[in-house]
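Pasting a structure here, questions to come.
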There are 4 protein chains.
Amino acid sequence: MERRSITCAVLGAAGYSGTELLRLLRRHPHVRIGPLFAASNAGKPLAEVVPSLRGVLDQTLEAYTPDATAGCDLVFIALPSGEAMALVPELLRRSMRVIDLGGDFRLSDPALYEEYYRRAHTATDLLPTAVFGLPEWNASAIRKASLLANPGCYPTSAILPLLPVLKAGVVSPTGIVINSLSGVSGAGRSASVDMSFAEINESVRPYKAGVHQHTPEIEQAFAMFAGIPATVTFVPHLLPITRGILTTLAAPLARPVTDDELRTIFSTAYSSAPFVRVIEGIPEIRNVNHTNFIDIGWKRYERNHQLLLFSAIDNLVKGAAGQAVQNMNLMFGFDESEGLE
Amino acid sequence: MERRSITCAVLGAAGYSGTELLRLLRRHPHVRIGPLFAASNAGKPLAEVVPSLRGVLDQTLEAYTPDATAGCDLVFIALPSGEAMALVPELLRRSMRVIDLGGDFRLSDPALYEEYYRRAHTATDLLPTAVFGLPEWNASAIRKASLLANPGCYPTSAILPLLPVLKAGVVSPTGIVINSLSGVSGAGRSASVDMSFAEINESVRPYKAGVHQHTPEIEQAFAMFAGIPATVTFVPHLLPITRGILTTLAAPLARPVTDDELRTIFSTAYSSAPFVRVIEGIPEIRNVNHTNFIDIGWKRYERNHQLLLFSAIDNLVKGAAGQAVQNMNLMFGFDESEGLE
Amino acid sequence: MERRSITCAVLGAAGYSGTELLRLLRRHPHVRIGPLFAASNAGKPLAEVVPSLRGVLDQTLEAYTPDATAGCDLVFIALPSGEAMALVPELLRRSMRVIDLGGDFRLSDPALYEEYYRRAHTATDLLPTAVFGLPEWNASAIRKASLLANPGCYPTSAILPLLPVLKAGVVSPTGIVINSLSGVSGAGRSASVDMSFAEINESVRPYKAGVHQHTPEIEQAFAMFAGIPATVTFVPHLLPITRGILTTLAAPLARPVTDDELRTIFSTAYSSAPFVRVIEGIPEIRNVNHTNFIDIGWKRYERNHQLLLFSAIDNLVKGAAGQAVQNMNLMFGFDESEGLE
Amino acid sequence: MERRSITCAVLGAAGYSGTELLRLLRRHPHVRIGPLFAASNAGKPLAEVVPSLRGVLDQTLEAYTPDATAGCDLVFIALPSGEAMALVPELLRRSMRVIDLGGDFRLSDPALYEEYYRRAHTATDLLPTAVFGLPEWNASAIRKASLLANPGCYPTSAILPLLPVLKAGVVSPTGIVINSLSGVSGAGRSASVDMSFAEINESVRPYKAGVHQHTPEIEQAFAMFAGIPATVTFVPHLLPITRGILTTLAAPLARPVTDDELRTIFSTAYSSAPFVRVIEGIPEIRNVNHTNFIDIGWKRYERNHQLLLFSAIDNLVKGAAGQAVQNMNLMFGFDESEGLE
């Protein structure tokens, strides 16, 4: 295992995912933080925009140019979906490796991208080479990736519990219902009445039911890693909390199963996964927040022929920046957990 | 329509449902508030235990005795489930009418009560006469009830959206998945680490998945009002908010349906229901809190052969005290909305 | 006391204060709700912008023109400060009575307005006739007012506890420290990163310390009602709650005082004030929310020669819409509490 | 500087401060975590009581006996105040070094302890040797301490901003007003109605105004480190957030002062303090949470002859566990920041 240091640039450094990424990278023993790019905040000290980093990271935010990444080994893109596809081609031409935390390179089918993201894909030639960065299921491809698509927060919370039981034939690939409850930081840092405190507080808001862009990402993972074309009903909800996702899944049982068998299925699937905790009991957000863990629990409900699955992650860590660092560790031959515990 | 006044006693006046009930009753033009009973707080001024009622209701909490209800027309029981069944027989012997906000008289099958409430039922002879107080579906029985079982908060939020489509044959009675998200006031006012602020805040907690006592109450309603034996998967979650329930339901489509037909089904079912708002769009708790409304919305999701339904209520109003007053209005011949708008 | 009905128009009907006002007005037995005006939302049904009012108030928001107020007796202006002064002159010319919930007519000295609101006052000729609408101290002027300046939320919470002890010579008029903690609805409904959920939640934010525009309003009240030129240090803080203000005041003791004397001072000052509750103990927001009450408590702290005062109000009710209705009641000869309990 | 490792025991390992301490200690390069003690939870796996530590710290909680600390270099006591004084004498006899996170050894005058903690002190002979663990002002004594009293959370937030300006004669030692706003984790993990979610949420609660036990701790620090007998008015408030303290202080100006002089005073006082950030602007809790930083800001308010000071800390880190680790670092010759950044 190589032990050299790498230099990383970050686009979107002042957003919620970008900031979380900086927090992780600066503790990483093999990472040197390179240029930090921002759009409207370019030219300002990072600590002015993100006061929590005062005295921690004293850099100035820059306007992005490809030349400014010279000398970097890796570029993290923590921008809203739709922006990365304009930047990645040039970065790859410069032999930079790229981890995109947005959605532009997650779906291999550009038609699905167009349908769910409601814009045309402008870098379709790169889609075949993009690697879906789910370390627990795709490690060997990740190690060799030049362009890595970091999974969405919701898909991470849904795929990891479902995949082992789907692959084991325990649940049926149709009729699956996924209810996800997310903190608001998942929506990014932006000015809108809808995301203002008084509109979110003391309420909960289902949104984009059935049309959320993470739906095909979840389904694609089942085809990709289990060879099973599954259809899911995915209903995301916005909670009055800052961070964390709790996902409750109900999947039709395809055959009888015992808790012991489920225990075996999950522990086999994740025995060497450092950040998956299969638990007896029900996951809660507060147990995983500020960590890269995903907690997974289950409950057989044979009265209605279903298996209930539950998962909890921190949307900014395992659902974004933490998983990105985990992927970086694999890509550069570091220990998978380095900088993440 | 009679227009006399009635006198009401309240058992459990200092709990969250009891307090909400007092707030509604004191504005009701045909109600005189009679004795207010409490257990550990008996002897204290109500305003000492519930400071929000200072200068609003200057009564003293009393220890309950059957004699103390003399002169009352109606007794509301807002106690934890399990307590009412010991008190109701004597109250009925005294020709008192009773509205029980707890769960003791909701299930007509005592075996189900024992299975889900984990205690024996001690007043099974009264179960046949108890009336399930869902005004939108059971008004004529409610009008004549002596013993009324006020529905649970979760069942109210689940039955009202599901019943019309189930009855119309639009959805299948098996494979239904109900995810409910509730504020903590539903758990009552009590001292426990689990319900302390620091354990609830910034998290969300699924609990009693598949074994919650409201499961058979929901299923019984489908048999009772649609003649359909349905099985549901019911997963309640505790949210970091004080009040309100948002319920997201996924039901397998039994046949093709259009939005127009759904619009007709719902508007027909609830055309004369003053507190049901069938909306285009998705309900949110903040739109119904502190009101007796239930907002109902839907989304067809034919890709996965499901109908998604959404509802929002205030668990302390439409889910408890408000619905109790609505039932009282029917029982005593007042206008159904009196004191509730 | 006259008992006729009046017709009221509302400018800014879709804002937080405007919505709260509509909730109160529609329950008021002597009020007919007239035209509702909005700016960007003109032309939309009210219930589309404020979904909680679906089925409650089925009006359409209009663009404001002076002519549209024809037939109204009273116009409420619930707009951001700075907008009313452009509209009021024309309304008064039309013999309309006006209650302005903003800050334009609260300060009688236009130089103070310019200093604290950072804009010139364009209707200075009206300032001498504007009446400061603090019902507990200014009722006789309010009854005759054509142009009423509804007090600010913070000043209401600070003036009512301080004025009696200042007037009684118990505390000194210099060195007073006022810390106010407010829910975010006080800042109105608007799109900004600063007010987004993730920036407010799990934090608390002091702002405009010493320069907040409510400072001279508080000081002016002491001069106006006690004849005492006082100077206060006023530090507002933004809390992660939607509504409510808790104010903690520390005033230097000018002379020895007993709890009995304080009890007498407060009960004398507010014996006939229906919405002031002087309590033994410490006020909390949850006890007054959704009501027009102000709770006032105190604690002598002779070790440091200070009197501590505490108050709690709902910023949208006693701090805005409720107090406006209370003022309307006085202006039109209704019972002071009508529609408010 | 020595570089050996030490072994630490923790009493009260399952409380909020204890858990935070474990999080910090396990990352510390020179610490081996020894036995973890709990009372009611003894015998249970730590991860069962604190699920967030599953897979992170797989130890079992033990019942405390002095013998069980054999081999330890340091014992952290994270118990409610009043418990440490019964345990410390025996620990010191065994030559153990002790850091007490509770209040038993903070006040050197046992009469003040008795007055404010409302119990007699049972280990008064140890008070003269106990060292007050405020690293920024007492480092040399801390290095040699056997028994270290870790400061209270509120005092940390009040003393650090006030001490430099008091010592410089900028503010007067009488008439100081301190308003502190704290998250609920400061009250510890316990079952009570008062601390339940529904009683804390959407409100704010002043408590123990003028009689809080941290009052004499603050005053003692001024005498101890500035030689100035000061009297303060201290009003703590409970906020609906989990962690963090925001303190707003108003101190009478003793003489004219400029911002430049204040800048010099603070930067001189804290130039070598790694966790004090003197900022232009106003501190907010969200900028320091989950860190050991204290942010300090100020605002001159000469209109009312006062200096306003503001500070923000994480009550569980700089206000408890983090400061304890900082003290441990000094006591054992490690780098002051080790394990804390």
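The values are calculated or read from the model by the stated rules, or taken from the named source; none is laboratory data. Source: prediction; values computed, not measured. Here the Cβ is made from the backbone with ideal geometry for all residues, glycine too, and neighbour counts use every protein chain on show. Accessible surface areas use protein heavy atoms only, side chains included; no ligands, DNA or RNA. Shrake-Rupley method; radii C 1.70, N 1.55, O 1.52, S 1.80 Å.
Expressed as cubic angstrom per residue, what is the convex hull volume of the alpha carbon set of chain C?
Given the Cα convex hull of chain C, per-residue volume reads 132 Å³.
Compute the label-point distances linking B:V193 to its equivalents in the other copies; points lie 7 Å from Cα along Cα→Cβ; give nm, one decimal, shortest first.
So the distances to the same position in the other copies read 2.2, 4.1, 4.5 nm.
In deg cm²/dmol and to the nearest 500, what is the mean residue ellipticity at 222 nm of the protein assembly as shown if only DSSP H runs of at least 4 residues count, each as -39500 (n - 2.57), divided by the residue total?
Working: 40 runs with 384 residues, N = 1364.
Only helices count here, giving -8000 deg cm²/dmol.
Could you tell me how far the Cα centroid of segment B:23-51 sits from the Cα centroid of segment A:197-220, in Å?
Answer, in whole Å: 42.
With the convex hull built on the Cα atoms of segment B:39-174, state its orientation-averaged projected area in nm².
Working: hull surface 42.8 nm².
For the Cα atoms of segment B:39-174, the hull's average projected area reads 10.7 nm².
Mind checking the log10 I(q)/I(0) for the protein assembly as shown at q = 0.05, 0.07 Å⁻¹? Debye, one equal scatterer per Cα, no solvent, two decimals.
Those come out to -0.39, -0.79, one per q.
Then there's this: Taking the label point 7 Å from Cα in the Cβ direction, how far apart in nm is D:G169 from each other copy of itself, listed shortest first?
Distances between equivalent label points, in nm: 3.7, 8.9, 9.6.
Considering Cα pairs under 8 angstrom that are at least six residues apart, work out the relative contact order of segment B:159-288 and quote it in whole percent.
Details: 180 pairs, mean separation 51.7, N = 130.
Answer for segment B:159-288 is 40 percent.
Follow-up. When ranked by the protection proxy of mean other Cβ atoms within 10 Å per residue, highest first, what sequence do the peptides B:80-93, C:315-328 form?
Working: B:80-93: 17.4, C:315-328: 28.4.
So the peptides B:80-93, C:315-328, ranked by packing, come out C:315-328, B:80-93.
With r as the distance between the Cβ atoms of A:A191 and C:S140 and R0 = 45 Å, compute the FRET efficiency 1/(1 + (r/R0)^6) and round to 0.05. Let's see the in-between values first.
Numbers: r = 46 Å, r/R0 = 1.01.
It comes out at approximately 0.50.
Taking each label point as 7 Å beyond Cα in the direction of the beta carbon, state the distances from C:K144 to the same residue in the other copies, shortest first, in nm.
6.6, 7.8, 9.2
Treating only the Cβ atoms of Lys and Arg (+1) and Asp and Glu (-1) as charged, compute the dipole magnitude of chain C about its Cα centre; round to the nearest 20 debye.
Magnitude of the dipole: close to 240 debye.
Separate question: Considering the convex hull of the alpha carbon atoms of segment C:209-341, report its projected area averaged over all viewing directions, in nm², one decimal.
Values: hull surface 37.2 nm².
One quarter of the hull surface, i.e. the mean projection, equals 9.3 nm².
How high is the relative contact order of segment B:1-152, given as a whole-number percent (alpha carbon pairs under 8 Å, six or more residues apart)? All intermediate terms of the calculation are to be shown ahead of the outcome.
Numbers: 279 pairs, mean separation 29.0, N = 152.
The normalised contact order for segment B:1-152 reaches 19 percent.
Do me a favour and compute the ellipsoid semi-axes for segment A:118-274 from its Cα gyration tensor, root of five times each eigenvalue, largest one first, whole Å. Walk me through the numbers before you get to the answer.
Details: eigenvalues 153, 99, 45 Å².
With the √(5λ) rule applied to segment A:118-274, the semi-axes are 28, 22, 15 Å.
Based solely on C-alpha atoms, express the radius of gyration and the Dmax of segment A:101-182 in angstrom.
14.2, 39
Additional query: Given points 7 Å out from each Cα along the Cα-Cβ axis, report the B:D67 to B:D260 separation in nanometres with one decimal.
6.9 nm
Heavy-atom accessible area per residue, segment A:1-88, 1.4 Å probe: how many Å²?
I get 40 Å² per residue for this part.
With axes computed from alpha carbons, what is the tilt in degrees of helix A:259-270 against the longest principal axis of chain A, rounded to the nearest 10 within 0 to 90?
20 degrees
Say each of B:D335 and A:V211 gets a label point 7 Å from the Cα, pointing the same way as Cα to Cβ; how far apart are those two points in nm?
Using points 7 Å along Cα→Cβ, the separation is 4.0 nm.
Continuing with this model, one more query. List the aspartates and glutamates whose Cα lies under 19 Å from the Cα of C:K167, skipping any in the same chain that are fewer than 8 positions away.
Answer for C:K167, where 19 Å is the Cα cut-off: C:E136, C:E217, C:E219, C:D259, C:D260, C:E261, listed by chain and number.
Moving on to the next point. Can you check what the net charge comes to around D:I245, using other residues whose Cβ is under 12 Å from the Cβ of D:I245 (Lys, Arg +1; Asp, Glu -1)?
-1
Give me the percent relative contact order of chain A, please, defined on Cα pairs under 8 angstrom at least 6 residues apart.
18 percent
Right, next: By how many degrees, 0 to 90 and rounded to 10, does the Cα axis of helix A:153-167 deviate from the longest principal axis of chain A?
The helix A:153-167 is inclined about 40 degrees to chain A.
Take segment D:161-247, drop everything but the C-alpha atoms, weight them equally and run the Debye formula without solvent; then report log10 I(q)/I(0) at 0.14, 0.17, 0.19 Å⁻¹ to two decimals.
Values, matching the q order: -0.56, -0.75, -0.86.
Now a separate question. Taking a probe of 1.4 Å, how large is the accessible area per residue of segment D:183-278, in Å²?
For segment D:183-278, the per-residue accessible area is 31 Å².
Across the residues of B:239-247, average count of Cβ atoms on other protein chains within 10 Å? All intermediate terms of the calculation are to be shown ahead of the outcome.
Working: counts 9, 12, 11, 10, 4, 3, 1, 6, 1.
Other-chain Cβ atoms within 10 Å of each residue's Cβ, averaged: 6.
For chain C, take the longest principal axis of its alpha carbons; what is the angle in degrees between that and the long axis of helix C:214-226, to the nearest 10 within 0 to 90?
Compared with the principal axis, the helix lies near 70 degrees.
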